[in-house]
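The values are calculated or read from the model by the stated rules, or taken from the named source; none is laboratory data. Since the model is a prediction, treat every value here as computed from it, not as a measurement. Cβ placement follows ideal geometry from the backbone for every residue including glycine, while neighbour counts extend to all protein chains displayed.
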Amino acid sequence: MSRSGFRSVSSVLTTSHGSVAGQFACDFSSHPRRALRRTDASGRVLEQPSEKRSSSLPYADRTMTGSPSHVPPATALSAAERFSYFAFVVLVPLLGAPLAVNGAAIFQIIALEELGLTSRQVGIAVGLGAMSIPFQIWAIRVPLRLAHRNLRIFVNAMSAMCLIIAWLITGPGSKTFIVTSVIVIAVLAELAVSVLFATSFQPLLSTTIDPQFRQRLNAQGRAAGGLAAIGFVIVIGWASTSARVGIMIGLAAIGVALTPAISNLRRPDPDRILAPSSTSQPSSDRELKWIFAAIGISVIPAWPFFVTYASDAFWPSANLGLIGAALVIGGLGAAAMWRPTTSDLHGRARIGAVALLCCAVALVPLNTPLTGVVSEFAVYGILLGATAAGTVVRMSLLEMAHARSDETTSVAVLTKLDVIASTFMQLGFLAAGFLIELSVGSNWAADPFQLSLIGGGALLVVVIAQIDG
């Protein structure tokens, strides 16, 4: 599944006691003449803000845990607009699935069974996406007004790379050529997601739709996408080589079909986007740092790499398609049951982190290689619980970030969130490839891969506890 995460920054600084802008706005409403004419000690006029300027501060009364207090769009979303938003949330993750984005199960199955990569090479292919970090940092400066253009470039680039994967499955060259091509595609796909998609879609959600619809979109839309992903994973697991080529071509067609829908995504009000400031910081700066840390740590445990772990070390006889489906179903269920909230995000994140740690610990007593029907069902249950818990954690953290950003900070905040998430995920996948090799034949009570899941879960519990509720 893809992420979305995560340019200009605002001079409006919100603190736990309110904001400078909020105090000024209150002063303006009760004493308009004094607010319109500010002077220094010598009587010289310092500033004469107009009504238009005061109206550009719609987030002044935001609480630390609530959603922005801006009003919904002036006109209700049309059916075509709603369909376009949901189409992106549902279909974009499918485009990234065979391209190593988020280490998707479809990519792992194709890489292991069709392209002949080893677990180490799969880890390297995903982990080297970190080479795009300098471009991701630069992307924070991309203006929000380019969002629609960037989304068009993104869907067409991802479609082209799906076609290349289809071509590679047919075995056009040597093993070295195929491995090198897969690594290049993985890096380019990560670059496209981080520079083109992350700087556009979530910032548009933050600035053009109300928080309730945004949460439903990120929850129910993701659940619908999960249903499609389950179908693709199961089909990929059972499909022949020629059928897998056809599926890749079909995904490319989906990307092309998404292009017209981009025109239906709303554009932010240009009057509410202030010029970038090199000296200002996003609101709730301290909490944002802990949110960034938590989102990074939440993806270090390489649960999506369980397909490769099972194939090489833990459960060699497993059906990889069913394992991949279990990894999707857990997140799907959590997203489908998500209900919009502004007051319980921190509590949900805490519960999800504890549940994720418990799932990691539950793997330890199981025998390796896995045998027995009871143990097999236990593993499926653990995978469902782990992916559900991880989804709750990340959705809570994402909405916390939305609640602490506005038109002037949304691109910077959400792109940083995506850069951190993708970088930590890539590093986790890179390490997982080596940890899985070390876990083959391990005699430890908990093999190295399991220890990484436990350590990451424990650290996540500690970091989320630092975020103010």
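The set of residues in the range 438-450 being outside any loop (DSSP other than H, G, I, E, B) and surrounded by fewer than 17 Cβ atoms within 10 Å (Cβ to Cβ) consists of L438 alone. The sole residue among L356, L366 that is over 25 Å from I124 (Cβ atoms) and outside any helix (DSSP H, G or I) is L366. Here the condition is being closer than 24 Å to G330 by Cβ and modelled with pLDDT of 90 or more; of F305, F292, F232, F314, it holds for F314 alone. Taken as a whole, the structure places A105 among residues that are within 18 Å of the chain's Cα centre (by Cα) and closer than 26 Å to T199 by Cα. For D406, indicate whether it is assigned to a loop (DSSP other than H, G, I, E, B) and under 25 Å from N150 (Cβ atoms). Judged against the criteria, D406 is a match. Take the residues of the range 374-401 that are over 12 Å from the mean Cα position of the chain (by Cα) and of a type in the set (S, T, N, Q): which is surrounded by the most Cβ atoms within 10 Å (Cβ to Cβ)? Residue satisfying both the conditions and the ranking: T387. Of all residues in the range 160-207, those satisfying the criterion of being in a helix (DSSP H, G or I), buried (at least 21 other Cβ atoms within 10 Å of the Cβ) and of a type in the set (S, T, Y) are S194, S206, T207. Residue count for the range 287-327, restricted to those that are of a type outside the set (A, V, I, L, M), in a helix (DSSP H, G or I) and buried (at least 24 other Cβ atoms within 10 Å of the Cβ): 9. Show the residue pairs meeting these rules: Cβ distance below 7 Å; 6+ apart or different chains; first residue within the range 299-313 and of a type in the set (D, E, K, R); second residue surrounded by 23 or more Cβ atoms within 10 Å (Cβ to Cβ). From the range 299-313, the pairs are D312/S119; D312/I436.
May I ask you to verify whether L414 is crowded, with 24+ Cβ neighbours inside 10 Å and either closer than 18 Å to Y309 by Cβ or basic (K, R) (or both)? So L414 fails the test.
Report yes if some residue within the range 138-150 is at pLDDT below 85, out of contact with any Pro (no Cβ under 9 Å at 6 or more places or on another chain), assigned to a helix (DSSP H, G or I) and more than 19 Å from T308 (Cα to Cα); otherwise report no. The answer is yes, given that some residue of the range 138-150 is at pLDDT below 85, out of contact with any Pro (no Cβ under 9 Å at 6 or more places or on another chain), assigned to a helix (DSSP H, G or I) and more than 19 Å from T308 (Cα to Cα). Of all the residues in the range 216-241, those that are among the hydrophobic types (A, V, I, L, M, F, W, C), crowded, with 17+ Cβ neighbours inside 10 Å and within 19 Å of the chain's Cα centre (by Cα) number 7. Checking every residue in the range 61-76 against the condition of being surrounded by 15 or more Cβ atoms within 10 Å (Cβ to Cβ), at pLDDT 85 or above and of a type in the set (A, V, I, L, M) gives zero matches.
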